[in-house]
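One structure is given here, and the rest of the page talks about it.
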Ligand code: DX5
Ligand code: ZN
């Protein structure tokens, strides 16, 4: 984990979620997102227990690894992240984010990811206090603030989460940490500015990208421009 002076604006990154993608042609969908200007691919991994939905296994991620050059980040919405994280790292994910609610020993789980040579992130559900990540900020590359209750795309953005973004942003700049703040859930051209003003610089977008009437490229550039104007 490095340090960073607190007055530099962190680069805006747009990370489409694969959740709304057509899974019968996932590789082509990733190539479409790469052509459309996505910065990363956000794999929403759900085990049907931690959240009431079941999605992508590591073999699917690994079969898509060579289709694009984009970095893969895994959002682990699973009951046993210590068991599954190594599988998604092996599959080609370079950033693994686990939920504070999914492990009894957060520091140990994050160190387990770092020891495998990839970046680690931590994420929290809307009802979870931001204080739960305060003592692992020095370990992570990214904090993911859920602005919906996890499990499904297309939900309404929870503006209540902006207070958490502001608070963790303050801690990060006070300690001059090199940590991104990512927001996930209900991000669109209508909500990305307020999330940016609160202090986020990385944005997951599923439905806003896949269901934009003018296509993913317009959607991604609109999101990026709106966030940059709000920084
Ligand atoms: C929800 C996932 C999100 C979701 C985002 O559990 O973690 O990444 O797919 O979808 P939208 O952008 O449509 O809210
Ligand atoms: Zn997600």
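Taking first residues from the range 138-167 that are closer than 15 Å to residue 182 by Cβ and in contact (Cβ under 8 Å) with a residue 40 or more places away in the chain and partners that are more than 7 Å from ligand 1 (Cβ to nearest atom) and in a helix (DSSP H, G or I), the Cβ contacts under 6 Å between residues at least 6 apart in sequence or on separate chains come to 145/161; 145/164; 145/165; 147/161; 164/130. Selection of the range 177-198 for residues being within 17 Å of residue 140 (Cα to Cα), within 16 Å of ligand 1 (Cβ to nearest atom) and touching a helix residue (DSSP H, G or I) at 6+ places or on another chain (Cβ under 7 Å) yields 181, 183.
Taking the residues in the range 87-107 that are out of contact with any helix residue (DSSP H, G or I) (no Cβ under 8 Å at 6 or more places or on another chain) and away from ligand 1 (no atom under 16 Å from the Cβ) as candidates, determine which candidate is nearest to residue 139 (Cα to Cα). Let's see the steps before the verdict.
So in the range 87-107, the residues out of contact with any helix residue (DSSP H, G or I) (no Cβ under 8 Å at 6 or more places or on another chain) come out as 94-95, 97, 101, 104-105.
Applying the additional criterion that residues be away from ligand 1 (no atom under 16 Å from the Cβ) yields 94, 104-105.
Working: 94: 15, 104: 17, 105: 13 Å.
Here the answer is 105.
Assess whether residue 116 counts as being without any contact (Cβ under 8 Å) to a residue 40 or more places away in the chain, touching a helix residue (DSSP H, G or I) at 6+ places or on another chain (Cβ under 9 Å), over 18 Å from residue 44 (Cβ atoms) and part of a loop (DSSP other than H, G, I, E, B). Spelling it out, residue 116 is indeed without any contact (Cβ under 8 Å) to a residue 40 or more places away in the chain, touching a helix residue (DSSP H, G or I) at 6+ places or on another chain (Cβ under 9 Å), over 18 Å from residue 44 (Cβ atoms) and part of a loop (DSSP other than H, G, I, E, B). Of the candidates 179, 183, the single residue that is within 19 Å of residue 41 (Cα to Cα), under 15 Å from the mean Cα position of the chain (by Cα) and within 16 Å of ligand 2 (Cβ to nearest atom) is 183.
A count restricted to the range 23-58 and to residues that are out of contact with any helix residue (DSSP H, G or I) (no Cβ under 9 Å at 6 or more places or on another chain), farther than 16 Å from residue 88 by Cα and not in a loop (DSSP other than H, G, I, E, B) stands at 2.
Can you find even one residue in the range 196-212 that is within 20 Å of residue 11 (Cβ to Cβ) and surrounded by fewer than 19 Cβ atoms within 10 Å (Cβ to Cβ)? Yes, the range 196-212 contains at least one residue that is within 20 Å of residue 11 (Cβ to Cβ) and surrounded by fewer than 19 Cβ atoms within 10 Å (Cβ to Cβ). Within the range 146-159, does at least one residue satisfy the condition of being out of contact with any strand residue (DSSP E or B) (no Cβ under 9 Å at 6 or more places or on another chain), modelled with pLDDT of 95 or more and more than 16 Å from ligand 2 (Cβ to nearest atom)? Yes, the range 146-159 contains at least one residue that is out of contact with any strand residue (DSSP E or B) (no Cβ under 9 Å at 6 or more places or on another chain), modelled with pLDDT of 95 or more and more than 16 Å from ligand 2 (Cβ to nearest atom). Can you tell me which residues in the range 199-220 are farther than 17 Å from residue 73 by Cβ, in contact (Cβ under 8 Å) with a residue 12 or more places away in the chain and away from ligand 1 (no atom under 12 Å from the Cβ)? Selection gives 199, 215, 216, 217.
Based on this model, can you work out whether residue 163 counts as in contact with a helix residue (DSSP H, G or I) (Cβ under 6 Å, 6 or more places away or on another chain) and at pLDDT 95 or above?
Details: in contact with a helix residue (DSSP H, G or I) (Cβ under 6 Å, 6 or more places away or on another chain): no; at pLDDT 95 or above: yes.
It is false that residue 163 is in contact with a helix residue (DSSP H, G or I) (Cβ under 6 Å, 6 or more places away or on another chain) and at pLDDT 95 or above.
Listed here are the residues, each with its yes/no results for (1) under 21 Å from residue 183 (Cβ atoms); (2) within 16 Å of ligand 2 (Cβ to nearest atom); (3) crowded, with 20+ Cβ neighbours inside 10 Å.
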residue: 12; (1), (2), (3): yes, no, yes
residue: 45; (1), (2), (3): yes, yes, yes
residue: 55; (1), (2), (3): yes, yes, no
residue: 63; (1), (2), (3): no, no, no
residue: 84; (1), (2), (3): no, yes, yes
residue: 100; (1), (2), (3): yes, yes, no
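Annotation note: of 16, 20, the sole residue that is surrounded by 15 or more Cβ atoms within 10 Å (Cβ to Cβ), assigned to a strand (DSSP E or B) and within 16 Å of ligand 1 (Cβ to nearest atom) is 16. Flag set for residue 110, criterion: surrounded by 20 or more Cβ atoms within 10 Å (Cβ to Cβ) and under 25 Å from residue 201 (Cβ atoms).
The values are calculated or read from the model by the stated rules, or taken from the named source; none is laboratory data. Note that the structure is a prediction, hence the values are computed from the model and not measured. Cβ sites come from the backbone with ideal geometry, for glycine too, and all protein chains shown count toward neighbours.
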